[in-house]
1. Percent of alpha carbon pairs in the chain separated by more than 35 Å?
2. Report the normalised scattering of segment 124-282 as log10 I(q)/I(0) at q = 0.08, 0.12 Å⁻¹, calculated by the Debye formula with identical scatterers on the alpha carbons.
3. Please work out how many pairs of lysine residues in the chain are eight or more positions apart (or on different chains) and have Cα atoms closer than 29 angstrom.
4. What nm value, rounded to one decimal, do you get for the distance between V128 and A86 when each label is placed 7 Å out toward the C-beta?
5. Express the carbon and sulfur contribution to the solvent-accessible surface of the chain as a percent, rounded to the nearest whole number, probe 1.4 angstrom.
6. Hey, quick one: spin label on R72, modelled 7 Å out along Cα-Cβ, who in segment 115-154 has an amide N within reach, i.e. under 15 Å?
7. Restricting things to alpha carbons, tell me how big segment 95-135 is in terms of Rg and Dmax, in Å.
8. Rounded to the nearest Å, what's the spacing between the alpha carbon centres of segment 157-217 and segment 225-282? Just the number, please.
Amino acid sequence: MQDQVVLNRPKETQKKLLFLPREHGATAMLFTPIVCAAILARSWHWAELATFTAAFAALAAKDPLVVLARQRFVWKQPHPETAIAARWFAGWTALLAVSGLALLAVWPVKAIVALGLGVAAFSALAIVVNVRNRQRSLLFQIASAVALTSSSLATSLSATGTIKPWCWWLWLLLALQASAGILVVHARLDARIALRSAARGSQEFRRAAQIAVLALALTAIIVGALGHSWIALALLIAATGYAYDLYRQRDSAALQMPLTTVGQQALALSSVFAVLLIVGLR
């Protein structure tokens, strides 16, 4: 009977294993710029739907590809999830290919090549980082924020046929805010780890988060001096929110807050930031 349970376990695993995007923060960072750019474009084109499906497929393909890479370079024995991952990866790749062909009818060839190479390069970097278990690399986290928020550029191309000047600012400001948010979350994780151990926790992410918050505040001052009050307000609110979170991380009771609640608060702050950016860039 025990042998039968063991033999059936891989089948049970296969039924439950779904390779869908699990990182809610990354998903929000990918799709928030798409929504912002779609609103600011003030026009609708069917290619925007292809942009959405291409972005979703590219994000979703990462997890099964990581499994396949680990099976190829790390694991010495076959794992049951590898076959499932191969099927999911084939499906997401097919969706990405169909979406890319649809965009090819609308986008300039140079734009297709440039963004395609960008997606491929970042995907390769993400696979290497995950296989080596270096996901918490500071530079990789910042690169992730920059890469994910670049979805705004693709949306502008789909909606208007070009990357509008406002879209470059949208990308820059969203990337700056997303980077700060990522660093603050990782600083919290380090603080939680230090709380459970006698050893002093790493301060790398906390220092980087403080610099990012300062960058948000300084950018708010510069933008405000140039007369862009709504954008300055967005930056100031983000800087204040993240600074307050860093302050709370010094309190052991505040560190016990469920990560789900932390994520909801971060999403709320990001949403307010995005709405104010839309108002300021319109």
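1. Working: 10057 of 39621 pairs.
Above the 35 Å cut-off, the chain has 25 percent of its Cα pairs.
2. The calculated log intensity ratios at q = 0.08, 0.12 Å⁻¹ are -0.26, -0.57.
3. 9
4. Those two pseudo-labels are separated by 2.6 nm.
5. Details: 10630 of 15760 Å².
After summing per-atom areas, the C and S share lands at 67 percent.
6. What the label zone holds, given the 15 Å backbone N cut-off, is 120-121, 123-132.
7. So, for segment 95-135, Rg and Dmax equal 13.1, 39 Å respectively.
8. After rounding, the separation between the Cα centres reads 11 Å.
The values are calculated or read from the model by the stated rules, or taken from the named source; none is laboratory data. What you see is a predicted model, and the numbers here were worked out from it, not measured in a lab. Heads up, the Cβs are rebuilt from the backbone with ideal geometry, glycines too, and the neighbour counts pull from every protein chain shown. When the accessible area is computed, the model is the full protein with side chains, heavy atoms only, and any ligands, DNA or RNA have been set aside. Shrake-Rupley method; radii C 1.70, N 1.55, O 1.52, S 1.80 Å.
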